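> Pasting in a structure now, in structure tokens, and then I'll have a few things to ask.
The values are calculated or read from the model by the stated rules, or taken from the named source; none is laboratory data. As the structure is a prediction and not an experimental result, all values here were calculated from the model. Cβ placement follows ideal geometry from the backbone for every residue including glycine, while neighbour counts extend to all protein chains displayed.
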Amino acid sequence: MIAFVVSRGLAARRFMMEVILLGMILVIALVTPHFLSVENLLNILQNISLQGVIAFGMTMVIVAGEIDLSVSSTVAVSGVVTALVTGKLAKAGILPKESAVLVGMAAAIALAAVVGLVNGIARVRFKIPTFIATLAMMNVVYGIAGTLTKGFPITTLPIWFNHLGAGHLFNIIPVPAMILLVVFLLVYGLMTDTTFGRAIYAVGGNEESARLSGINVGLVKVVVMVLVQILAAVGGILVSSQVMSGSHTFGKGYELNVIAAVIIGGTSLNGGSGKPWGTLVGLIFLGVIINAMILLDVSEFIQYVVKGAIILFAVLLNSIQQTRR
Amino acid sequence: MNVIEAHGVRKQYPGTLALKGLTLQFESGKVHALIGKNGSGKSTLVKILSRAIDPTQGKVFLNGEDVSSCTPAEAFRRGIATVYQELSLIQDLSVAENIFMGRLPKKGIRIDWELTYRRAEELIRSMNVEVSPRARIAELSVWQCQIVEILKAMSYHPKVLLLDEPTSSLAVAEARRLFDFIRELTKRDVIVIFISHRLHELWEVADTCTVLRDGELIGTVTMKDASYNDVLRMMFGEVELKVREGRKTVSDEVVLEVKGLTRGKKFHGIDLQLHKGEVLGIAGMLGSGRTELLRAIFGADRFDAGEIRIGGRKIRSPSPRMMKRAGVALAPEDRKKDGLNHIMSVNDNLTLSALERIAPRFLWIDRMRESSLVARQIVDLAIKVSDKNMPVSSLSGGNQQKVVVGKWLNAEPRVMFFDEPSRGIDVHAKQQIFQIIRQQADRGISSIMISSELEELLDVCDRILIMRNGALVGEHRSDELGAEELYLQCMGGTAT
């Protein structure tokens, strides 16, 4: 019954998620006065940015009809590689820490791109479903990260590096939020204004018709799998910059949060439809709820329950829309 | 005798009056064809008769009893059965299981298989067909599946049997076998109402033909008194049946050459040449390998041996992408599954094969160029769409087919393949599609066309190749022979 009413509403109103989000913000603002303070709102922005960067990559992957569960491990290994390379270069006296970290970041991004390439090739060349290939890859990469750190956080990072994840532009706007905005605009442009974006939708919506239209289906899939990994590396660099260390324990559970934001944003798990704007709304939605629960002192375990329930509900809405089509 | 009647049936949909007050009746012992182009109201009428929808006004009577307020399930119990186009059989179960689905005879809690098969056997024998009750549906051909569907409906002893386009996916020879079976039904006390797009076949199966146009009853004629043109005129009003203008001479320039193309048991040793501006037909029964051949040339499927040359240049390991670049296009057989992206809009579908053309600067879509390509096809092909941003799934079958053709024309091909371009679209749209093919030919674009309706090939093509059991066995200029002869050649017989 509820599902029916909701689905009716969905069909009628395109901006349902936005409306729900605003309604929710209103209620939370009434219950917890501190919620609407500038400080708290920027805090939310800061918190969604790290996973948000990855979510836009995941939007492309899911629209293309695939999934990437290995992003969480990439977050960990990127921080580790950045810190490790910086430390090694500085110790060997080749470069000072301050500039060595740039090489470290480049190495982390390159490694992530290789992971994405392997995921993509496994899918395209060997027809392994990305669900399984990336699940396996998640373990492989996590293991690599742990091996590199030998189990301890690496802290060989220069002071300026901290600004990336924890700095503020004009002393007010969090730097990660700016990075999130840039990534959003780039992905938005890529998906709506380029033929590559068009091809992503074509491949996800009907792979065979895309192939018979002369679209390079394999290339599209490999590229989106690489892009999401690169964005996961950016996320990982931001995380390690906030904490000023690299550790294999970072990023745990990110994949679910990221996928949740994408689905709440209305992207279909069947591929072929979804928008970066929706993902932005989904990110804010999750960010606001988690923030409200923290302000309201809800226990951490209840937070898990709520988050899981929201994801299930979002998928439910999604499948109702599918069957109504 | 059973009689079903509709009295003053009107159906108002938001914005359109689908039926404008129809009164008609059908009696048992005959096969009644119900025809009309898309939008004539025939599907609406069928749905009202089967009680799937309610009329806005008017009543339906079965043997004098008002059944207008029955639910579909009640109507079915009272004897109104419908066999839909989409086959509802379960592939992995046997014929008998499908027929008695949901009411298999039981012995205690176990299924009484012996009785199941015996009953199925009796039913099959009483209907004079040859199907094994133990055969799995997956092993049967499409026409046999249609027969099982009808057997299933007949097992409920219906008074009315509505057949919704039973032949749309059948080759002509298969359709004939189905007709023999349907004719058999007239010996029973059942009203058979037969809906079809294929005009030619009505004379073989139906006794009467009822024509609807724009929601009105145009008339009912007995088949033996009516000519093809009579029926066509009833369907369309006064429109000329487009007969192709004098055939121009085709140039000698070979644009596509295939030598010794072979793929396992599908086809072997295929040699063909396609000339500039030529429309070449491949005639063959379902399963003759014609679709597989076209798909292999287009690079959609692999092949084992042979070579393909386009404009004299040999194509190594063809793929759809490579063939598109070489100037080849394919309008596939299964429009829904292979031809279109149903989530996407008309606009996006129309540019899907021409992405390079709308992005002159690497990847970046030039909106001006995009909308001019889209607008050109919508105008040139007369695609009926109120807003190009509507999903392509909202279009009628004929317009969807035009989108498939249009999206390839935007890629500016030299050679186009049409696999069953007229499947599931009404006669009017068919004529438009054929006209488009001819117009492209006049502009120098060559085509290869496959159709199960050989009359169409005779109408559209310059030259026809005959394919049988995976090999090309004959070649004719299309003005050399008639449809009957072509059928015989395709089936492997000789003219008598």
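> Hey, any hits in the stretch B:334-348 for a residue that's farther than 28 Å from A:Gly271 by Cβ and either among the aliphatic types (A, V, I, L, M) or modelled with pLDDT of 95 or more (or both)? Explain how you work it out, then say what you get.
Residues of the stretch B:334-348 that are farther than 28 Å from A:Gly271 by Cβ, as a first pass: none.
Checked the stretch B:334-348: no residue is farther than 28 Å from A:Gly271 by Cβ and either among the aliphatic types (A, V, I, L, M) or modelled with pLDDT of 95 or more (or both).
> Just give me the residues in the stretch B:39-82 being under 17 Å from B:Glu216 (Cα atoms), of a type outside the set (Ser, Thr, Tyr) and in contact with a Lys or Arg (Cβ under 6 Å, 6 or more places away or on another chain), in sequence order.
Scanning the stretch B:39-82 gives B:Pro55, B:Gln57, B:Gly58.
> Separate question: Please verify whether the stretch B:278-291 includes one or more residues that are under 30 Å from A:Leu186 (Cβ atoms), surrounded by 16 or more Cβ atoms within 10 Å (Cβ to Cβ) and of a type in the set (Lys, Arg).
Let us first name the residues in the stretch B:278-291 that are under 30 Å from A:Leu186 (Cβ atoms), namely none.
No, there is no match, as no residue in the stretch B:278-291 is under 30 Å from A:Leu186 (Cβ atoms), surrounded by 16 or more Cβ atoms within 10 Å (Cβ to Cβ) and of a type in the set (Lys, Arg).
> Could I ask something else about it? Those residues that are of a type in the set (S, T, N, Q) and more than 13 Å from B:Arg335 (Cα to Cα), I need them from the stretch B:366-424; list them, please. Walk me through how you get there before you give the answer.
The initial filter retains those residues of the stretch B:366-424 that are of a type in the set (S, T, N, Q), namely B:371-372, B:377, B:386, B:389, B:393-394, B:396, B:399-401, B:410, B:422.
Passing the criteria: B:Ser371, B:Ser372, B:Gln377, B:Ser386, B:Asn389, B:Ser394, B:Asn410.
> A further question follows. Among the candidates B:Ala300, B:Ala296, single out the residue that is buried (at least 20 other Cβ atoms within 10 Å of the Cβ), modelled with pLDDT of 90 or more, small (Gly, Ala, Ser) and assigned to a loop (DSSP other than H, G, I, E, B).
On inspection, the qualifying residue turns out to be B:Ala300.
> Output the qualifying pairs, or none if there are none: Cβ atoms under 9 angstrom, residues six or more apart or on different chains, first residue in the stretch A:259-288 and basic (Lys, Arg), second residue assigned to a helix (DSSP H, G or I).
A:Lys275/A:Thr59; A:Lys275/A:Val63; A:Lys275/A:Tyr188; A:Lys275/A:Met191; A:Lys275/A:Thr192
> Being over 18 Å from the mean Cα position of the chain (by Cα) and not in a helix (DSSP H, G or I) is the filter here; which residues of the stretch A:26-64 pass it?
Scanning the stretch A:26-64 gives A:Thr32, A:Ser37.
> What's the total number of residues in the stretch A:115-131 that are β-branched (Val, Ile, Thr) and touching a Leu at 6+ places or on another chain (Cβ under 9 Å)?
2
> Of the numbered conditions (1) surrounded by fewer than 20 Cβ atoms within 10 Å (Cβ to Cβ); (2) touching a strand residue (DSSP E or B) at 6+ places or on another chain (Cβ under 8 Å); (3) under 18 Å from B:Asn410 (Cα atoms), B:Gln435 satisfies every one except a single condition; which is it?
(2)
> Also, quick follow-up: For the stretch A:297-308, what are the residues that are within 20 Å of A:Pro33 (Cα to Cα) and surrounded by 11 or more Cβ atoms within 10 Å (Cβ to Cβ)?
Scanning the stretch A:297-308 gives a single hit, A:Val298.
> Also: Spot the failing condition for A:Val203; the list is (1) modelled with pLDDT under 95; (2) within 30 Å of B:Pro391 (Cα to Cα); (3) more than 13 Å from the chain's Cα centre (by Cα), and only one is missed.
(1)
> Could you tell me which residue of the stretch B:84-117 is surrounded by the fewest Cβ atoms within 10 Å (Cβ to Cβ), considering only residues that are touching a residue at least 24 places away in the same chain (Cβ under 8 Å) and among the aromatic types (Phe, Trp, Tyr)?
Within the stretch B:84-117, the match that is surrounded by the fewest Cβ atoms within 10 Å (Cβ to Cβ) is B:Tyr84.
> Now for a different question. Mind counting the residues in the stretch B:327-341 that are more than 7 Å from chain A (Cβ to nearest Cβ) and surrounded by 18 or more Cβ atoms within 10 Å (Cβ to Cβ)?
Adding up the residues that qualify gives 6.
> Taking the stretch B:412-444, which residues are touching a Ser or Thr at 6+ places or on another chain (Cβ under 7 Å) and either in the same structural domain as B:Asp164 (by TED's automatic domain parsing) or assigned to a helix (DSSP H, G or I) (or both)?
B:Lys430, B:Ile433, B:Ile437, B:Gln440, B:Ala441
> State whether the residues of the stretch B:74-87 include one that is touching a His at 6+ places or on another chain (Cβ under 6 Å) and at pLDDT 85 or above.
Within the stretch B:74-87, not a single residue is touching a His at 6+ places or on another chain (Cβ under 6 Å) and at pLDDT 85 or above.
> Run down B:Ser447, B:Ser452 and say which single residue is crowded, with 21+ Cβ neighbours inside 10 Å, part of a strand (DSSP E or B) and small (Gly, Ala, Ser). Even if it seems obvious, please write down each step before you answer.
Details: B:Ser452 fails: part of a strand (DSSP E or B).
On inspection, the qualifying residue turns out to be B:Ser447.
> Next question. For the stretch B:248-277, give me each residue that is closer than 25 Å to B:Gly444 by Cα, assigned to a strand (DSSP E or B) and touching a residue at least 60 places away in the same chain (Cβ under 8 Å). Show your work before the answer.
Kept after step one, since they are closer than 25 Å to B:Gly444 by Cα, are these residues of the stretch B:248-277: B:248-259, B:270-277.
Next, from what is left, pick out any that are assigned to a strand (DSSP E or B): B:254-259, B:270-275.
Selection gives B:Val255, B:Leu256, B:Ile270, B:Asp271, B:Leu272, B:Leu274, B:His275.
> Restricting to the stretch B:37-73, name every residue that is under 26 Å from B:Leu199 (Cα atoms) and β-branched (Val, Ile, Thr).
B:Thr44, B:Val46, B:Ile48
> Go through the stretch B:343-355 and count every residue that is farther than 10 Å from B:Lys407 by Cβ and at the interface with chain A (Cβ under 7 Å from one of its Cβ atoms).
3
> Consider the stretch A:183-209. How many of its residues are within 7 Å of chain B (Cβ to nearest Cβ), out of contact with any helix residue (DSSP H, G or I) (no Cβ under 7 Å at 6 or more places or on another chain) and under 13 Å from B:Asp366 (Cα atoms)?
Within the stretch A:183-209, residues that are within 7 Å of chain B (Cβ to nearest Cβ), out of contact with any helix residue (DSSP H, G or I) (no Cβ under 7 Å at 6 or more places or on another chain) and under 13 Å from B:Asp366 (Cα atoms) number 2.
> Given the criterion of a type in the set (A, V, I, L, M) and buried (at least 24 other Cβ atoms within 10 Å of the Cβ), identify the matching residue among A:Ile294, A:Ile311, A:Ile259, A:Ile284.
Selected residue: A:Ile259, the only one of A:Ile294, A:Ile311, A:Ile259, A:Ile284 that is of a type in the set (A, V, I, L, M) and buried (at least 24 other Cβ atoms within 10 Å of the Cβ).
> For A:Ile215, work out the one condition from (1) under 10 Å from A:Ala64 (Cα atoms); (2) not in a helix (DSSP H, G or I) it doesn't fulfil.
(1)
> Name the residue that is surrounded by the fewest Cβ atoms within 10 Å (Cβ to Cβ), counting only residues in the stretch B:309-326 that are aliphatic (A, V, I, L, M) and within 21 Å of A:Val203 (Cα to Cα).
Looking at the filtered set, the residue picked out is B:Met322.
> Is it the case that the stretch A:129-141 has a residue that's in a helix (DSSP H, G or I), farther than 30 Å from A:Asn270 by Cα and of a type in the set (Phe, Trp, Tyr)?
Applying the first criterion (in a helix (DSSP H, G or I)) to the stretch A:129-141 yields A:130-141.
Then keep just the ones that are farther than 30 Å from A:Asn270 by Cα; that gives none.
No, because not a single residue in the stretch A:129-141 is in a helix (DSSP H, G or I), farther than 30 Å from A:Asn270 by Cα and of a type in the set (Phe, Trp, Tyr).
> What tally of residues in the stretch B:459-482 results from selecting those that are in contact with a strand residue (DSSP E or B) (Cβ under 6 Å, 6 or more places away or on another chain), under 22 Å from B:Arg263 (Cβ atoms) and charged (D, E, K, R)?
1
The rows are residues; the columns are (1) within 30 Å of B:Arg357 (Cβ to Cβ); (2) free of Cβ contacts under 8 Å to residues at least 40 places away in the same chain; (3) surrounded by fewer than 20 Cβ atoms within 10 Å (Cβ to Cβ).
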site: A:Ile154; (1), (2), (3): no, no, no
site: A:Pro158; (1), (2), (3): no, no, yes
site: A:His163; (1), (2), (3): no, no, yes
site: A:Asn171; (1), (2), (3): no, yes, yes
site: A:Ile179; (1), (2), (3): no, no, no
site: A:Val187; (1), (2), (3): yes, no, no
site: A:Gly205; (1), (2), (3): yes, no, no
site: A:Ser209; (1), (2), (3): yes, yes, no
